[in-house]
Amino acid sequence: MAGKKQKISDKPVHGIGFGTAFKSGNAITKLSAVVFGLGNILHKQIIRGFIYLALEVAYLYYMLSFGTKAIQNLITLGTKTQEEVFNEAKQIYEYVVGDNSMLCLLYGVITIFVTLLFIAILTSSVKSAYETQKRMEEGKPIPRFIDDLRSLGHEKLHNSLLLFPIVGVICFTIIPLVFNILIAFTNYDKDHQPPGNLFDWVGFDNFVAMFKTGGILAKTFWPIFEWTIIWAIFATFSCYILGMLLALVINREGTRYKGFWRFIFVLSIAVPQFVSLLTMSTIFNASGPLNVILKDMGIISAGTTIPFLTNPTLAKVTIILVNIWIGVPYTMLSTTGILSNIPKDLYEAAKVDGANAIVTFFKITLPYMLFVTTPSLITAFVGNINNFNVIFLLTGGGPASIEYYNAGKTDLLVTWLYKLTLTNKDYNIGAVIGIIIFVILATLSLLTYRHTGSYKDEEAFQ
Amino acid sequence: MKTKKNSSGSTKRFITNSIVHIGLAIVGFIWILPIAFVILTSLRKETGTYKSYILPQAFTLHNYANLFADHGTLNFSRWFFNTLGVAIASCLLSAFFVLCVAYVMSRLRFRMRKKLMNIALILGMFPSFMSMIAVYYILKGLGFLEAGQLKLVALVLVYSAGSSLGFYIAKGFFDTLPKTIDEAAYIDGATKWDVFRRITIPLSKPIIVNTLITSFMGPWVDYIFAKVILGQDRDYYTIAIGLWTMLQKEFIQYYYTTFFAGCVIISIPITILFLFTQRFYVEGVSGAVKG
């Protein structure tokens, strides 16, 4: 039912595509693909036509003055290395500015996007000319410029509302992302830093190096990958189940001072995460308060300390425990409302059948909650794979390991990516890791997301 | 017979209740402990870092005074206002972006809609700072990294420009608002813009507050982008990297207790804000989970 309804409402508002507009348009419409806005100018839509024309002229000017060179540079990534040349007159060595591969790549990507925009304007120009031509033939009134402006508040509201967000996303998300994906196919590492050195395209070499058996990168990648997955599973489900249990215990009939208990746990969410994480890292420090308490209680002897954050295995356990401290109140808060929606008669029926608390939890509460909260569970899982803060602020990825390439035993893929790009300047390897993380997350979430109710029946509640 | 059974039932219930309350008290104590540790250390008189005891031997408010009096390399009050400015600007901008996109995706129907939603989903799966090097050079190219103030503007742009990709929760909320109200307004001659401004926005208080808070909190806790963009410019640091700097080797001996005072100071407003708006928060989230 809902699917059917959507099909109708998803029909395009003005169904003409570029192909039909160009094929069935008259000569003027066809010429509008060369001289933008021609069809509009000839049909009294002067302002609209000239806006198209101005955009075309601006693009051509850009390409002639800058763009063509940028595209060439994108292909070669620069040919002239910075050189030292002896200046006879001044009797000193001078640097002659060479090409900068990084800027070549960046400007090349930007030029590609400008060109894509140009193509969008081209199709829009032809479509607009065709629409006006149709209206002329059918004797309908031609919209004036003021009508165009007005339609931005109604039929074309999506264009006006989406303009700024999309510009923001293109400039600060998509262009940087494309740039970085391309870097994965270059040798932009610590030995090829522009402007002193140039870097060049290397094809799939970085990916091959990453997975080559016996290579240092593969030896680092697989253990880190394994720990990332283990961490994400433990972090997600421990918080989910314990948080839900806490919510159940607080909300059960016999518990008193519910507000007070809730307040205590919510307090820890309200404290900014980096504060609690930095505090935790001091608490678990070798000479930190926890070791002091354990000594005072006589559990460990005076001279020894427990290496909570410096022993690889123990550090992993500590990280997961600290994450429970941080995450459980979150789940408690967000599941409280949903838990109270579970139909009471289910529990009563279970009670009549003699089921105890544990059985009802696994047979009723958990299945129901899983059904309702799968989307947020996926989000949490994805968030944990990318959980930079917990690792970086607690252990910084440490303890460091000489078997690994610039990584420590508790590093996740993201923190390794961070170290490679910021500390080590191996941008190409960093980009490869970014792409791998993306592939993992994309397969994971597209598989599960598409099966959730909120994706399929988005209009169920309207 | 019957009464006996009842009394044994109530004893059993009493025992379970006691166990539950004792358990909650122990767990609650564990949850409070780190917070208590932060507050205690912020009041500790003895300087230096780790001590071989937990409770401070003497108390003082000097750490708090030190936080605001120090106008040397580490200037806490400046960091505070830097962060406040960035947080306010970027939360307004991101809330605007998110609401626009969420409304368009939920209520308007046009050709690219499904495609754009899938693109947003895909973009959200790249690690957010994978592209930060390119962002850095784009900002540099645009001339944003030449002065400290401009760096803060750049930070606002970075925080809010991509925020519209997180429109899914708000869209889920808009999906639950009945469509009949919109249709009634169209019959009365309202344009879609009118409906958005006069009907949808006033009905969406919980989700607006939720969006505002999440994006307001961002700059207070973000570490990576602030570090990359602000670099060594300590005057223009935000709170998060400022406090992190205090724990670095060259400062920790002198600033350890001051660091905790700083933590307490910035936790107070955020805690109040959070507790105050908790209700909105839960409503906003559960709106998205429905169905």
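The values are calculated or read from the model by the stated rules, or taken from the named source; none is laboratory data. Since we're looking at a predicted model, the values are computed, not measured. Positions of Cβ are backbone-derived with ideal geometry, glycine not excepted, and every protein chain shown enters the neighbour counts.
Taking segment A:361-384 as the region of interest, how many residues are polar (S, T, N, Q) and modelled with pLDDT of 85 or more?
Number of matching residues: 1.
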- From A:GLY108, A:GLY139, which residue is out of contact with any Cys (no Cβ under 7 Å at 6 or more places or on another chain) and surrounded by 17 or more Cβ atoms within 10 Å (Cβ to Cβ)? A:GLY108
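Checking the structure you have, find out if any residue of segment A:176-186 is closer than 19 Å to A:GLY98 by Cβ and either part of a helix (DSSP H, G or I) or in contact (Cβ under 8 Å) with a residue 24 or more places away in the chain (or both). Can you show your working first?
Going residue by residue through segment A:176-186, those that are closer than 19 Å to A:GLY98 by Cβ are A:186.
Narrowing the set further to residues that are either part of a helix (DSSP H, G or I) or in contact (Cβ under 8 Å) with a residue 24 or more places away in the chain (or both) leaves A:186.
Within segment A:176-186, one or more residues are closer than 19 Å to A:GLY98 by Cβ and either part of a helix (DSSP H, G or I) or in contact (Cβ under 8 Å) with a residue 24 or more places away in the chain (or both).
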- So how many residues does segment A:19-37 have that are hydrophobic (A, V, I, L, M, F, W, C), buried (at least 22 other Cβ atoms within 10 Å of the Cβ) and either out of contact with any Leu (no Cβ under 6 Å at 6 or more places or on another chain) or assigned to a helix (DSSP H, G or I) (or both)? 1
- Selection within segment A:89-105 - of a type in the set (A, V, I, L, M), touching a helix residue (DSSP H, G or I) at 6+ places or on another chain (Cβ under 9 Å) and surrounded by fewer than 20 Cβ atoms within 10 Å (Cβ to Cβ): A:LEU103
- If the Cβ limit is 7 Å and pairs must be 6+ apart or interchain, which residue in segment B:116-133 that is under 19 Å from A:THR443 (Cα atoms) pairs with which residue that is of a type in the set (S, T, N, Q) and not in a loop (DSSP other than H, G, I, E, B)? B:LEU123/A:THR173; B:MET125/A:SER445; B:MET130/A:ASN180
- Task: Can you tell me which residue within segment A:193-204, out of those that are within 14 Å of chain B (Cβ to nearest Cβ) and surrounded by 18 or more Cβ atoms within 10 Å (Cβ to Cβ), is modelled with the lowest pLDDT?
- Result: A:PRO194
- Query: So which of A:LEU161, A:LEU198 is on the phi < 0 side of the Ramachandran plot and part of a loop (DSSP other than H, G, I, E, B)?
  - Reply: A:LEU198
- Could we say that B:ILE30 is touching a residue at least 12 places away in the same chain (Cβ under 8 Å) and part of a helix (DSSP H, G or I) here? no
- Using the structure shown, decide if A:ILE216 is within 25 Å of the chain's Cα centre (by Cα), away from chain B (no Cβ under 14 Å) and of a type outside the set (Phe, Trp, Tyr). no
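Can we say B:GLY291 is in a loop (DSSP other than H, G, I, E, B), at pLDDT below 80 and not aliphatic (A, V, I, L, M)?
yes
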- Item | Unmet criterion (only one of (1) modelled with pLDDT of 85 or more; (2) part of a helix (DSSP H, G or I)) for B:PHE280 | (1)
- Query: Does at least one position in segment A:142-151 carry a residue that is in contact (Cβ under 8 Å) with a residue 40 or more places away in the chain and either on the phi > 0 side of the Ramachandran plot or aromatic (Phe, Trp, Tyr) (or both)?
  - Reply: yes
- Task: Confirm whether A:PHE86 is touching a helix residue (DSSP H, G or I) at 6+ places or on another chain (Cβ under 6 Å) and either exposed (fewer than 12 other Cβ atoms within 10 Å of the Cβ) or among the hydrophobic types (A, V, I, L, M, F, W, C) (or both).
- Result: no
- Task: Tell me, please, whether a residue that is of a type in the set (Ser, Thr, Tyr) and either closer than 30 Å to B:LEU145 by Cβ or at pLDDT below 80 (or both) can be found in segment B:240-251.
- Result: yes
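If you take the residues of segment B:68-80 that are outside any loop (DSSP other than H, G, I, E, B) and in contact (Cβ under 8 Å) with a residue 12 or more places away in the chain, which of them is farthest from B:GLN232 (Cα to Cα)?
If we take residues in segment B:68-80 being outside any loop (DSSP other than H, G, I, E, B) and in contact (Cβ under 8 Å) with a residue 12 or more places away in the chain, then B:PHE80 is farthest from B:GLN232 (Cα to Cα).
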- Query: Filtering segment A:155-192 down to residues that are within 12 Å of another protein chain (Cβ to nearest Cβ) and of a type in the set (Phe, Trp, Tyr), which residue is surrounded by the most Cβ atoms within 10 Å (Cβ to Cβ)?
  - Reply: A:TYR188
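Return the residue satisfying two criteria in turn: it lies in segment A:336-352 and is loosely packed, with under 10 Cβ neighbours inside 10 Å and not hydrophobic (A, V, I, L, M, F, W, C), and of such residues it is farthest from the other protein chains (Cβ to nearest Cβ).
Checked segment A:336-352; the qualifying residue farthest from the other protein chains (Cβ to nearest Cβ) is A:ASP345.
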- Message: Residues that are facing chain A (nearest Cβ under 8 Å) and crowded, with 23+ Cβ neighbours inside 10 Å: list the helices (runs of 4 or more DSSP H) wholly contained in segment B:145-241 that include at least 2 such residues.
- Response: B:148-161, B:168-176
- Among A:ALA355, A:ALA302, A:ALA286, which is modelled with pLDDT under 80 and in a loop (DSSP other than H, G, I, E, B)? A:ALA302
- Return yes when A:TYR330 is among the hydroxyl-bearing types (Ser, Thr, Tyr) and more than 9 Å from chain B (Cβ to nearest Cβ) and no when it is not. yes
- Does B:ALA65 satisfy the condition of being part of a helix (DSSP H, G or I), away from chain A (no Cβ under 12 Å) and at pLDDT below 90? yes
- Any idea which residue in segment A:250-279 is farthest from the other protein chains (Cβ to nearest Cβ), counting only those that are among the polar types (S, T, N, Q) and within 18 Å of A:SER334 (Cα to Cα)? A:ASN251
- Task: Return only the number of the condition from (1) touching a residue at least 12 places away in the same chain (Cβ under 8 Å); (2) surrounded by 12 or more Cβ atoms within 10 Å (Cβ to Cβ) that A:LYS69 does not satisfy.
- Result: (1)
- Message: Can you tell me which residue is nearest to B:ASP194 (Cα to Cα) among those in segment B:94-116 that are surrounded by fewer than 21 Cβ atoms within 10 Å (Cβ to Cβ) and in contact with a helix residue (DSSP H, G or I) (Cβ under 6 Å, 6 or more places away or on another chain)?
- Response: B:LEU108
- Keeping to segment A:230-249, report how many residues are facing chain B (nearest Cβ under 9 Å) and either among the hydroxyl-bearing types (Ser, Thr, Tyr) or crowded, with 20+ Cβ neighbours inside 10 Å (or both). 1
- Query: So is A:PHE225 modelled with pLDDT under 90 and under 30 Å from B:ILE133 (Cα atoms) or not?
  - Reply: no
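Take the residues in segment A:284-307 that are within 13 Å of chain B (Cβ to nearest Cβ) and polar (S, T, N, Q), then tell me which one is surrounded by the most Cβ atoms within 10 Å (Cβ to Cβ).
For segment A:284-307, the residue satisfying everything is A:ASN291.
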